[in-house]
1. Please report the Cα spread of the stretch 173-241 along all three principal axes, rounded to whole Å, starting with the longest.
2. Could you give the dipole magnitude of the stretch 142-215 about its Cα centre, charging the beta-carbon of Lys and Arg +1 and that of Asp and Glu -1, in debye to the nearest 20?
3. Give the long-range amide H neighbours of Ile343: residues separated by 5 or more places, or on another chain, with amide H under 5 Å away, using H modelled in the peptide plane at 1.01 Å from N.
4. Check cross-link reach from Lys199 to the aspartates and glutamates: straight Cα distance under 19 Å, and skip same-chain residues fewer than eight apart.
5. Using only alpha carbons, build the gyration tensor for the stretch 278-340 and give me the equivalent ellipsoid semi-axes, biggest first, whole Å.
6. Kindly write out, for the stretch 371-377 in residue order, the coupling ³J(HN,Hα) from the Karplus curve 6.51 cos²θ - 1.76 cosθ + 1.60 (θ = phi - 60°), rounded to whole Hz, with x marking Gly and Pro.
7. Against the globular-protein guess of 2.2 N^0.38 Å, express the Cα radius of gyration of the stretch 1-106 as a ratio, rounded to two decimals.
8. Check Thr26: other-chain or 5+ apart residues with amide H under 5 Å from its amide H, H built from backbone geometry?
Amino acid sequence: MKAVVIGSGIGGMASAIRLASLGFETDVFEQNPFYGGKINSKKIGSYRFDRGPSVFTEPHLVDELLDISKGTKIHFDCHKLDVSCCYFFEDGKRLALPVGKEAVAACLSKELGEDQDHIKKLLNRLELNYKAVYPVFIKVSLHRLKQWLNINVFKAIARIPFYGLFSSMNTVNRKNFENPKTTQIFNRFATYNGSSPFKSPGMFNIISHLELNIGPYMPIGGMVSISDAVYQKAIDMGVRFHFNTRVAQILYSSGRVNGVALSNKEIPCDLVTSNMDVHFTYEKLLPGLKGPIKILNQEKSTSAIVFYWGIKKSFEKLDVHNIFFSKAYESEFDHLFNKKTLIDDPTVYVHISSKLERSDAPEGCENWFVMVNAPIDSGQDWESQKQKLRSNVLKKLNRILKEDLETLIEVEENIDPIMMEHMYSGKNGSIYGNASNTMMSSFYRHPNFSPIIKGLYFSGVTVHPGGGIPLALNSAAIVEKCVRRDFSIS
């Protein structure tokens, strides 16, 4: 049997590995000249930059993928970070938040005046919530009845009073913490799936469990090492990659997939998995098919503007992950989702892989990945927006770090929402497809299979279970489960 995967993002390559392990002759078609989707790398002068995701949790999911068909225990090489993130506030406060319940509780008590025992209880509750939700909402399809008929569902339902499901993240966090700074720290985890903490349900506070209780990791060799390892695994499994090759259409008849069309020929196959943004999968590849309107019309997640700066100095105050908070956090999200523009004092994220990967920058220098959340593209003048944002970001960082950064920038490039759409086929530059800005948003992500066309599946951050590397890897595992059942593979 033959399978085609559209797109070589992490979810697409993981799907290809799993399909090959089931015996499918698997081809991956990628419009770009590189694999990995957003998890790719670029050298600018003497500096190397990871161009996309920078936070890495749950490395065991990569281990599991690399272990398929080997029978030996694989450990993907990465550093465990002692500090999850350094936080900078406009009043001069700097907080390097450590990893682990005890350490986090002690730090928030000492630095922000929170009750230490209360914080530990909260972190325990987030862990229990995550463990209850994981096996029924993240690891399996929500869209097949069989998945709802097991004891784990009842365990998850029993914890509904503890999720904060009927309040926003911000409302839940304001009740939990004494200091507004602590609330802002916990609110920021809504941005991990491109959403607003003032709209997302409190349920999404479970995201913080992975970063605070367990801790983030940094792959040895940078984030691109994830793509490199997964790509090599796919090659070892016999997967064939076709770069600079755009799929023009998914072909089907009598309610079943029978191939894909390229610009110059048709490729017959028994199964298609689209790792492309689900909105564009319907719009561009299934033009004659009416898509699920309610799902596709949901509010989209944020995009981003990223500046890649080679900085001719090393900053002791900075760590691998750094956040410079906006003083007007609620207004910032109002601008992103309602006004569709950027606030003058945005929250700025700075990732510096050279803190651990010294070869990523020359001696005494650092590679700064400087990201600001941006609204999706709706016709804004992005060139003028970027110029204004660059100026505002430099003013903010100069003010807090007491430095003239303009004089230290040796190399520079950037990416904006239009470029995001062009490179990664994200609708309007959206990074994660739909935002999670409603109580029912988890149920409005597209399923990992087509309910209309047999043999059509979906993986990646724009479908269930959601955004981020771990969820994209889980989406591929769900595709495998669906294919096993649909094709009667034991």
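1. 54, 24, 15
2. Working: 9 positive and 2 negative charges, 42 e Å.
Roughly 200 debye for the stretch 142-215.
3. Close amide H contacts, sequence-distant or interchain: none at all.
4. Glu299, Glu330, Glu332, Asp334
5. Details: eigenvalues 284, 69, 17 Å².
For the stretch 278-340, the ellipsoid semi-axes come out as 38, 19, 9 Å.
6. Once θ is set to phi - 60°, the couplings for the stretch 371-377 become 10, 10, 4, 10, x, 5, 6 Hz.
7. 1.47
8. Result for Thr26 returns Ala3, Arg240.
The values are calculated or read from the model by the stated rules, or taken from the named source; none is laboratory data. Nothing here was measured: the structure is a model prediction, and the numbers come from that model. Please note: Cβ atoms are built from the backbone with ideal geometry, for glycine as well, and neighbour counts cover all protein chains shown. These accessible areas exclude ligands, DNA and RNA; they are computed on the full protein's heavy atoms, side chains included. Shrake-Rupley method; radii C 1.70, N 1.55, O 1.52, S 1.80 Å.
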